[in-house]
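First comes the structure, then the notes that go with it.
Bear in mind that the values in this text are calculations on the coordinates, not laboratory data. Treat the numbers as computed from the prediction; the structure is a model and nothing was measured. As a convention, Cβ positions derive from the backbone with ideal geometry for all residues, glycine included, and neighbour counts pool all protein chains shown.
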Amino acid sequence: MCGIVGYIGKRQAAPILLEGLHRLEYRGYDSAGIAIGGKGKLRVAKRKGRVRELDTLQPQKFKGTFGIAHTRWATHGEPSDRNAHPHCDGSGRYAVVHNGIVENAAALRAQLTDRGCIFTSDTDTEVFAHLIALMDDGSPLESVVGAALGRIVGAYGLAVVDAERPDTLVVARNGSPLVLGIGDGEMFFASDPAALVRHTTSVVHLDDGEIAAVRADGYETRTLDGATTVKTPSTIPWKDEAFEKGEYTHYMRKEIAEQPDAVRRTLGGRLDTRFQTTHLGGLQLGARDLLDVRRVKILGCGAAYLAGAVGAHLIETLARIPAHAEPASEFRYRNAVVERDTLYIAVSQSGETFDTLAAVQEIKRKGGRILGIVNVVGSTIARECGQGIYLHAGPEVAVVSTKTFTCSAVAMALLAIHLGRLRDLSVASGARLVRALQVLPDHIAAILAREPEIAQLAEAFAGAEHAFYVGRAAGHAIAAEGALKLKEVSYLHAEAYPASELKHGPLALISLQTPSVVVLPRDDLFAKNISTVEEIKARGGPVIAITHPGEAPTTFDRSFEIPALEPELDPLLLNIPLQLLAYHVALQRGTNIDQPRNLAKSVTVE
Ligand code: F6R
């Protein structure tokens with residue numbers, strides 16, 4: 001997804017901004033650009049493709065101590081040099097970088113063209129640059145930008161530089177994240193803290209409708225109406241090294257391997273062995289509030305939604321509260337009923353996914369109670385929810401979620417035990433589950449140590465273009481996550497089905513070339529799942545079982561067995577081999593594992 005980075009201070013801006021762009025690469029993009037101010041002029045370089053292709057234009061040689069830079073993920077206009085940001089006005093004095101979408105761009109473009117502006121790109125962003133140039137009446141740059149934003153309908157995270165105002169950069173936010181980084185006699189800003197941590201961990205998150213004038217010695221924030229706002233800096237809890245790939249060839253592989261430690265951090269200080277429950281310090285809802293909860297609705301997108309689906313099963317099983325997960329992107333548009341005795345939960349790694357944020361805002365507007373299960377501290381969804389459970393999984397750089405899926409499901413388990421122990425979950429059951437969570441990281445580590453066996457399973461996909469992932473109840477959510485991982489990184493078509501649904505249609509597609517991965521815990525649904533396996537085998541389909549040890553009445557073509565832990569928590573472990581399976585299929589197919597085609601990390605647009 002698009003990324004913004006900016007700098008103003010005493011140092012040369014270009015190397016800092018280019019390094020910041022490299023930090024944003026993981027988010028997915030199709031072009032990059034930079035504008036550096038110095039000696040009353042702007043120097044701009046932009047290029048379709050990777051940041052290293054921008055480097056060939058030698059922007060690192062641009063002299064100047066202030067500037068802005070961007071990675072673009074095309075929305076209006078194809079990926080091309082001319083559509084890459086920054087965009088300038090006709091004179092080249094002002095440059096703008098923008099994340100988001102200007103909804104009234106066509107109308108503004110027509111008006112500006114009538115007034116003589118000549119457009120050089122197909123983007124919606126370019127209207128900003130022309131508007132600012134036309135509206136500059138010599139007021140401070142933040143006032144000019146504020147007035148121009150008054151003409152804009154849409155979402156933006158935006159940064160503006162004026163060659164003739166070398167002491168000020170202006171940023172604004174409405175629906176797309178922007179964070180200021182406070183340095184010593186220098187200031188930074190970015191759409192993602194990842195671009196800042198090398199320089200500072202002291203940050204200020206802008207809120208929607210805020211605009212900031214950023215100077216080397218500090219910043220001022222105000223609303224679009226001109227009212228001053230007071231911000232409190234917070235600290236990013238991540239070190240720069242956490243973003244390094246280290247010994248691994250891919251971030252995805254690194255993040256899979258990090259899971260034992262990440263899960264330990266999610267669990268840290270939250271297991272209560274005295275009352276055999278969990279302690280969730282980030283919840284502002286006390287026992288009485290939680291006892292009033294009659295339903296739970298969990299919202300998220302992609303892997304976060306699927307972690308929510310695992311959580312819904314856990315909550316319904318352990319707390320006996322009806323619980324349901326729904327894609328946030330659907331919920332926000334369907335005028336959903338929001339009830340006062342429903343607990344709403346938003347799940348998001350980045351805390352910036354636009355659809356999830358919109359669902360949170362809709363729930364709040366309708367008076368619903370919501371908490372966030374979020375990884376990035378201080379992110380918009382975390383702040384908007386105001387309470388919840390941080391994952392503390394560390395930064396996730398690969399576009400596909402692995403460790404944060406697992407940690408979100410673990411956070412769900414913590415919540416489910418908490419809700420359960422307020423109701424009918426016995427002390428003995430609480431103790432059994434708390435004990436299981438204590439050893440969960442070691443069990444994950446033991447599965448990861450058997451990676452070569454899983455790499456061999458990947459051979460079952462040689463020559464396949466389609467795969468089924470099958471599971472029942474929580475196993476279906478795990479199957480869906482396994483299928484999502486496979487399609488994202490290997491580009492194989494993978495479909496997840498509830499085991500019981502195969503005979504209602506998809507069996508027609510079973511063939512020797514269509515492997516089925518069956519999530520097969522040895523639980524009370526085992527016999528039912530075995531019937532599904534028989535159905536697949538009877539039609540000649542290869543079966544790969546992810547299962548527990550024990551006699552099975554049928555033989556699988558391939559299988560991977562893991563020791564059973566506790567039935568409620570086993571789905572979390574059954575997911576781990578599926579992550580490695582997707583990784584190894586992708587490796588064999590030679591795809592771009594960390595930045596799969598067409599995908600972006602943190603989808604901050606509609
Ligand atoms: C899947 C994946 C995406 C994200 C989704 C939500 O591997 O990474 O589907 O899960 O875009 O992102 P967050 O969790 O940041 O809200």
Checklist entry - How large is the convex hull of the Cα atoms of region 3-241 per residue, expressed in Å³ as a whole number? => result 108 Å³
Next on the checklist: If you filter region 276-382 for GluC sites (Glu not before Pro), then keep DSSP loop positions with at most 11 other Cβ within 10 Å, what is left?
Outcome noted: none
Next on the checklist: Charges on Cβ only, +1 for Lys and Arg, -1 for Asp and Glu, centred on the Cα centroid of the chain; of Gly286, Thr200, Val338, which one is farthest towards the dipole's positive end?
Outcome noted: Thr200
Next on the checklist: Please give me, ordered by residue number, the trypsin sites (Lys or Arg not before Pro) of region 221-250 that lie in loop per DSSP and have at most 16 other Cβ atoms within 10 Å.
Outcome noted: Lys231, Lys239, Lys245
Next on the checklist: Suppose every Lys and Arg Cβ carries +1 and every Asp and Glu Cβ carries -1, with no other charges. What dipole size does region 37-91 come out with about its Cα centre, to the nearest 20 debye?
Outcome noted: 260 debye
Checklist entry - In region 451-593, with Lys and Arg counted as +1 and Asp and Glu as -1 at Cβ, which of these residues, Ser490, Ala473, Ala527, has the Cα nearest the positive end of the dipole, that is, farthest along it? => result Ser490
Next on the checklist: With only alpha-carbon pairs counted, each pair once and no self-pairs, how large is the Kirkwood hydrodynamic radius of region 275-383 in angstroms?
Outcome noted: 13.9 Å
Item to check | Karplus-derived HN-Hα couplings along region 262-277 (A = 6.51, B = -1.76, C = 1.60, θ = phi - 60°), whole Hz, x at Gly and Pro | outcome: 4, 5, 4, 6, 4, 7, x, x, 10, 9, 10, 7, 7, 9, 6, 9
Checklist entry - Can you give the relative contact order of region 245-449 as a percent, counting alpha carbon pairs under 8 Å and 6+ residues apart? => result 30 percent
Item to check | Karplus 3J(HN,Hα) series, Hz, for region 416-426 with 6.51 cos²θ - 1.76 cosθ + 1.60 (x for Gly, Pro) | outcome: 5, 5, 4, 5, x, 6, 7, 10, 9, 6, 6
Checklist entry - What relative contact order, as a whole-number percentage, does region 184-263 give when Cα pairs under 8 Å and 6 or more residues apart are counted? => result 28 percent
Checklist entry - What length, rounded to one decimal in nm, is gained on full extension from Glu19 through to Ala455, with 0.36 nm per residue of separation minus their alpha-carbon distance? => result 153.5 nm
Next on the checklist: 5 Å is the cut-off here: which amide hydrogens, built 1.01 Å from N in the peptide plane, fall below it relative to Gly351, excluding neighbours closer than 5 in sequence?
Outcome noted: Asn375, Val376
Checklist entry - Under a plain spin-label model, where a point goes 7 Å from the Cα along Cα-to-Cβ, how far apart in nm are Val230 and Asn592? => result 4.7 nm
Checklist entry - Any idea what the dipole of the chain comes to, in debye rounded to 20, about its Cα centre with Lys/Arg Cβ at +1 and Asp/Glu Cβ at -1? => result 420 debye
Checklist entry - Can you list the lysines whose alpha carbon sits under 19 Å from that of Lys46, skipping same-chain ones fewer than 8 residues off? => result Lys61, Lys63
Checklist outcome for this item: Rounded to the nearest 10, the angle in degrees between the Cα long axis of helix 354-365 and the longest principal axis of the Cα atoms of the chain comes to 90 degrees
Checklist entry - Among the aspartates and glutamates, which have Cα under 17 Å from the Cα of Lys528 when same-chain residues fewer than 8 positions away are ignored? => result Glu501, Glu551
Checklist entry - What net charge is computed for the residues neighbouring Ile447, neighbours being all others with C-beta under 13 Å from the C-beta of Ile447, Lys and Arg scored +1, Asp and Glu -1? => result -4
Item to check | Sequence ranges 101-108, 470-477, ranked by mean other-Cβ count within 10 angstrom, highest first | outcome: 470-477, 101-108
Checklist entry - Once you treat every alpha carbon in the chain as an equal point and sum by Debye, what is log10 I(q)/I(0) at q = 0.12 Å⁻¹? => result -1.17
Checklist entry - Counting Lys and Arg as +1 and Asp and Glu as -1, each charge on the Cβ, what is the dipole of region 276-419 about the Cα centre in debye, to the nearest 20? => result 300 debye
Item to check | Karplus (6.51, -1.76, 1.60) ³J(HN,Hα), θ = phi - 60°, over region 315-332, in Hz, Gly and Pro reported as x | outcome: 5, 5, 6, 8, 9, 6, 10, x, 9, 8, 9, 9, x, 4, 5, 7, 3, 5
Checklist outcome for this item: Measuring from the longest principal axis of the C-alpha atoms of the chain, the long axis of helix 474-490 (C-alpha) lies at a number of degrees, nearest 10, equal to 50 degrees
Next on the checklist: Among the listed pairs Lys366/Lys403; Lys231/Lys485; Lys485/Lys537; Lys231/Lys487, which have their C-alpha atoms separated by more than 31 angstrom in this model?
Outcome noted: Lys366/Lys403; Lys231/Lys485; Lys231/Lys487
Checklist entry - Got the relative contact order for the chain handy, in percent, Cα pairs under 8 Å and 6 or more residues apart? => result 12 percent
Item to check | Taking all pairs of distinct alpha-carbon atoms in region 245-449, Kirkwood radius in angstrom | outcome: 16.9 Å
Next on the checklist: Need the list of aspartates and glutamates near Lys245 for cross-linking: C-alpha distance under 14 angstrom, and skip anything on the same chain fewer than eight residues off.
Outcome noted: Glu25, Glu255, Glu258, Glu396, Asp594
Checklist outcome for this item: Once both label points are put 7 Å beyond Cα along the C-beta direction, the Arg294-Lys239 separation in nm becomes 5.1 nm
Next on the checklist: Run through region 520-606 and list the trypsin sites (Lys or Arg not before Pro) located in a DSSP loop whose Cβ has at most 13 other Cβ atoms within 10 Å.
Outcome noted: Arg597
Checklist entry - How would you classify region 451-593 from its alpha-carbon gyration tensor, with a ≥ b ≥ c the square roots of the eigenvalues: rounded for a/c under 1.5, else prolate if a/b is greater than b/c, otherwise oblate? => result oblate
